[in-house]
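**Q** Right, I'll just put the structure down here and ask away after.
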Amino acid sequence: MNIRENKNLMAEIDRIAEVAGYLWERGWAERNGGNISVNVTNLMSEEEKRLPAIGEPIALLEPMTALCGHIFFVTGTGKRMRYVCKDPFCNGSLIRLSEDGASFDIIAMQPVKPTSELPSHLMIHNYLRAFGRDNRVVLHTHPTDLIGLTHCKPFLDSDRITRLLWSMIPECRIIVPKGIGIVPYEIPGTLDLARATIKQLEKHDVVFWEKHGILAVGNDIIECFDAIDTLSKSAQIFFSARMAGYEPEGMTDRQLDDLVDAFGL
Ligand code: 2HA
Ligand code: ZN
């Protein structure tokens with residue numbers, strides 16, 4: 001069996017590779033910065049779901065009971081987005097969670113170990129499924145401008161940063177309608193970071209990790225990228241105005257509220 005013959009799966013992997021390229025081109029993916037996971041279970045045939053494991057099972061720190069038997073494409077630990085883009089199966093792998101959700105096997109194509117942020121990714125997928133949210137994608141990246149904002153204490157407030165970025169350009173209110181959640185600094189790759197992120201995902205689809213990066217969830221990897229890209233555009237408008245020596249006026253409350261009616265938000 002050659003999973004490269006599965007057209008639907010390969011189309012999804014192509015989209016992941018496309019976005020990995022955007023992350024690199026945007027300057028959001030220095031060295032091995034950022035990581036991606038996508039639930040591809042529904043794209044696999046029953047036979048493909050039973051692919052033999054490559055190597056030994058790897059135990060998870062906590063069982064993921066909503067993900068038993070699920071299959072994910074996950075970018076590899078230490079792997080660079082600029083190479084994920086060119087060769088996703090040398091820089092990422094398909095993993096399958098065990099029937100009790102307590103461990104996983106790598107099942108294709110090579111023994112590439114998943115990202116250091118796997119605890120966050122799987123805990124988030126587990127949470128989203130357990131609550132019936134059909135979000136297959138978790139995307140984490142390091143946009144310079146958005147991380148820059150998290151170095152300023154007054155911006156570490158969900159309402160304030162959401163209002164600021166929404167008000168720079170109408171698209172931002174439309175494309176990121178649930179606004180931004182804020183996670184205070186935690187050590188990368190830890191369960192504490194994962195737990196704090198899940199709390200913010202109760203209300204938001206995009207979360208800022210203080211002094212580290214951004215995480216977005218959604219059904220579609222291109223749309224996850226678009227949400228972060230639009231926030232980055234808003235941040236650039238804000239910084240450009242400040243660098244030119246003035247405070248940007250921002251859209252008024254009325255202008256923002258009018259978008260809700262006009263676009264059914
Ligand atoms: O994959 O971005 O947060 C490297 C990271 C860790
Ligand atoms: Zn990171």
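The values are calculated or read from the model by the stated rules, or taken from the named source; none is laboratory data. Owing to the predicted nature of the structure, the values given are computational and were not obtained by experimental measurement. When we count neighbours, we look across all protein chains shown, and the Cβ atoms used for this are built from the backbone with ideal geometry, even at glycine. Remember, those area values only see protein heavy atoms, side chains included, never the ligands or the DNA or RNA. Shrake-Rupley method; radii C 1.70, N 1.55, O 1.52, S 1.80 Å.
**Q** In the list 204, 212, which residue meets the criterion of being touching a residue at least 12 places away in the same chain (Cβ under 8 Å) and under 22 Å from residue 20 (Cβ atoms)?
**A** Working: 204 fails: under 22 Å from residue 20 (Cβ atoms).
Result: 212 is the single residue among 204, 212 that is touching a residue at least 12 places away in the same chain (Cβ under 8 Å) and under 22 Å from residue 20 (Cβ atoms).
**Q** Can you name the residue in region 137-163 that is of a type in the set (Lys, Arg) and farther than 20 Å from residue 193 by Cα and, of all such residues, is least open to solvent (accessible area, probe 1.4 Å)?
**A** 163
**Q** On to the next question. Does region 152-161 contain any residue that is in contact (Cβ under 8 Å) with a residue 24 or more places away in the chain and part of a helix (DSSP H, G or I)?
**A** yes
**Q** Among 10, 81, which is without any contact (Cβ under 8 Å) to a residue 12 or more places away in the chain and either within 16 Å of ligand 1 (Cβ to nearest atom) or of a type in the set (A, V, I, L, M) (or both)?
**A** Answer to the check: 10.
**Q** Given 226, 145, which one is charged (D, E, K, R), part of a helix (DSSP H, G or I) and either within 12 Å of the chain's Cα centre (by Cα) or within 16 Å of ligand 1 (Cβ to nearest atom) (or both)?
**A** Answer to the check: 226.
**Q** Something else about it: β-branched (Val, Ile, Thr), open to solvent by 20 Å² or more (accessible area, probe 1.4 Å) and under 17 Å from residue 122 (Cβ atoms): which single residue out of 58, 54, 36, 71 fits that description?
**A** 58 is the lone residue from the list that is β-branched (Val, Ile, Thr), open to solvent by 20 Å² or more (accessible area, probe 1.4 Å) and under 17 Å from residue 122 (Cβ atoms).
Yes or no, residue by residue, for (1) within 25 Å of residue 222 (Cα to Cα); (2) touching a Pro at 6+ places or on another chain (Cβ under 9 Å):
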{"residue": "3", "(1), (2)": "yes, no"}
{"residue": "20", "(1), (2)": "yes, yes"}
{"residue": "39", "(1), (2)": "yes, no"}
{"residue": "46", "(1), (2)": "no, no"}
{"residue": "55", "(1), (2)": "no, yes"}
{"residue": "60", "(1), (2)": "no, yes"}
{"residue": "79", "(1), (2)": "yes, no"}
{"residue": "102", "(1), (2)": "no, yes"}
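**Q** Something else: Do you know which of the residues in region 195-217 that are over 18 Å from residue 166 (Cβ atoms) and away from ligand 2 (no atom under 16 Å from the Cβ) is surrounded by the fewest Cβ atoms within 10 Å (Cβ to Cβ)?
**A** Taking the candidates together, the pick is 202.
**Q** So which residues in region 164-189 are open to solvent by less than 30 Å² (accessible area, probe 1.4 Å), touching a residue at least 40 places away in the same chain (Cβ under 8 Å) and within 16 Å of ligand 1 (Cβ to nearest atom)?
**A** Within region 164-189, just 189 meets the criteria.
**Q** Could you please find all residues in region 231-246 being surrounded by 11 or more Cβ atoms within 10 Å (Cβ to Cβ) and of a type outside the set (A, V, I, L, M, F, W, C)?
**A** 232, 233, 234, 236, 240, 242
**Q** Of the residues 258, 192, only one is out of contact with any Lys or Arg (no Cβ under 8 Å at 6 or more places or on another chain), without any contact (Cβ under 8 Å) to a residue 24 or more places away in the chain, within 16 Å of ligand 2 (Cβ to nearest atom) and outside any loop (DSSP other than H, G, I, E, B); which?
**A** When all the criteria are applied, what remains is 192.
**Q** Something else now. Applying the selection to region 61-112, what residues are among the acidic types (Asp, Glu) and closer than 25 Å to residue 129 by Cα?
**A** 62, 99, 100, 105
**Q** How do the helices (runs of 4 or more DSSP H) wholly within region 1-84 filter down when requiring 1 or more residues that are among the basic types (Lys, Arg) and under 18 Å from the mean Cα position of the chain (by Cα): which remain?
**A** Filter on region 1-84 gives 7-25, 81-84.
**Q** State which residue pairs qualify: first residue of a type in the set (Ser, Thr, Tyr) and inside region 107-122, second residue assigned to a loop (DSSP other than H, G, I, E, B) and modelled with pLDDT of 95 or more in any location, beta carbons under 7 Å apart, and separation of 6 or more residues or different chains.
**A** Here the result reads 115/77; 116/77; 116/188, each pair linking region 107-122 to a residue that is assigned to a loop (DSSP other than H, G, I, E, B) and modelled with pLDDT of 95 or more.
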